1. Given the conditions (1) touching a residue at least 12 places away in the same chain (Cβ under 8 Å); (2) farther than 21 Å from residue 175 by Cα; (3) not β-branched (Val, Ile, Thr), and given that residue 334 satisfies all but one, which numbered condition is not satisfied?
2. Report, ordered by the first and then the second residue, all pairs with beta carbons closer than 9 Å, sequence separation of six or more or different chains, a first member in the stretch 136-153 that is assigned by TED's automatic domain parsing to the domain that holds residue 83, and a second member that is among the aromatic types (Phe, Trp, Tyr) and modelled with pLDDT of 95 or more.
3. Taking the condition crowded, with 20+ Cβ neighbours inside 10 Å, aliphatic (A, V, I, L, M) and farther than 16 Å from residue 284 by Cβ, does residue 337 pass?
4. So residue 94 passes all but one of these: (1) in contact (Cβ under 8 Å) with a residue 24 or more places away in the chain; (2) over 30 Å from residue 225 (Cα atoms). Which condition number does it fail?
5. When you scan the stretch 38-45, do you find a residue that is charged (D, E, K, R), closer than 24 Å to residue 13 by Cα and in contact with a Gly (Cβ under 8 Å, 6 or more places away or on another chain), even just one?
6. Quick one: residue 23 ticks every box in (1) touching a residue at least 60 places away in the same chain (Cβ under 8 Å); (2) over 16 Å from the mean Cα position of the chain (by Cα) except a single one, so which number is it?
7. Restricting attention to the stretch 273-331, which residues are surrounded by 17 or more Cβ atoms within 10 Å (Cβ to Cβ), among the β-branched types (Val, Ile, Thr) and within 26 Å of the chain's Cα centre (by Cα)?
8. Residue under question is residue 102, and the condition is that it be touching a residue at least 12 places away in the same chain (Cβ under 8 Å), of a type in the set (Val, Ile, Thr), surrounded by fewer than 22 Cβ atoms within 10 Å (Cβ to Cβ) and touching a helix residue (DSSP H, G or I) at 6+ places or on another chain (Cβ under 9 Å); does it hold?
Amino acid sequence: MSTELEALDTPAVAVDLDRLERNLRQTSELASAAGVKLRPHIKTHKSAWIAKRQLELGACGITVAKLGEAEAMAAAGIADILIAYPIVGAAKLQRLAALTKVARITVGIDSFEAAAGLSALGQSLDVRIPLYLDVNSGLNRCGREPGAASAELGAKIAALPGVWLAGLMTHAGHVYGKASREECREIAQAEAQALLTTQACLRVYGVDVREISAGSTPTSKFAAELAGITEIRPGAYVFGDGSQLYPGIIGEEECAMRIYATVVSAPRPDTIIIDAGSKTLTTDTSPHRPGYGYLPNYPEAVIERLSEEHGIVRVPDDCPLRIGDTVAVIPNHCCTVTNLHDRLIGVRKGRIERMIQVDARGRTQ
């Protein structure tokens, strides 16, 4: 570890800029080679600077989860945004109306009620708001079942004025529970099939949607094998994390994010305490590895418990760590770590090069 990193005031979240750039380029090239559009989800980094770099490398636009994220990105000059979340209620529709004046906004929906609100807004603005219909591909979150159920809803929405059904979308987030690359490939294939089956059913109603949009970093790795998909929406690929590392979807060299923490106590022979707790590491766990993060230089150590400002780490008897030492942690889930911090520290070859502002931090509305 460089002197600059050792001297960080911890806990600190650092991003290796060379690894970040390599991750951005690799996924851009993967999409290009597969002949699909890349519309990355910015909830991972929430940074206008990184989003603009993704666009420079060929992304067709970006994906956000909430209106607040869209507002932050539009304020930075980003002009093509998918809000992959239902917009419901007068207050949010009013904010959406303002956004449509400065950016091309597409909205994800999974109900006639949400679509009707957007239809009324589109009519009032004398525009047609593009919509993506969310289809359930196994996560069992938003979206009706693929095929007839989703197509019936899609046909009703397509008949509304003030909107147009531009595409189908899904998020196979359950892929993160799979333990191997082959299992992830199977989820990717099922994700694509859910959308393509729904597209075929919609054609029976005379509705032909243009975009077939699949989401999640693990399934995006198989984009070249998914005939019919037109767009991918990975997010966590930019930083990498344990959820991708543990099942072998990525290698450690693709993990650009590290949390640096200081050993502040060694109260028992098998225990050290680090100054990174739930307010830094988050409480996300993994089905593939115990603990709340991975110490790559001390792989046998396990962050067993968290309180707000303490990480309680079980270590082997021969562990050389002492009070005052600095450790690096690969988080289980990089997206939630980002949202806990105002800025990330951009590092190149062990030296601090820039601060990365988390522009959309806390934009949950």
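The values are calculated or read from the model by the stated rules, or taken from the named source; none is laboratory data. Model, not experiment: these values are computed from the prediction. FYI the Cβ positions are ideal-geometry reconstructions off the backbone, even for glycines, and counts take in every protein chain you see.
1. For residue 334, the exception is condition (2).
2. Short answer, once both residue conditions are applied: 142/85; 151/205; 152/205; 153/112.
3. no
4. (1)
5. Yes, some residue in the stretch 38-45 is charged (D, E, K, R), closer than 24 Å to residue 13 by Cα and in contact with a Gly (Cβ under 8 Å, 6 or more places away or on another chain).
6. (2)
7. Passing the criteria: 280, 282, 302, 303, 327, 329, 330.
8. yes
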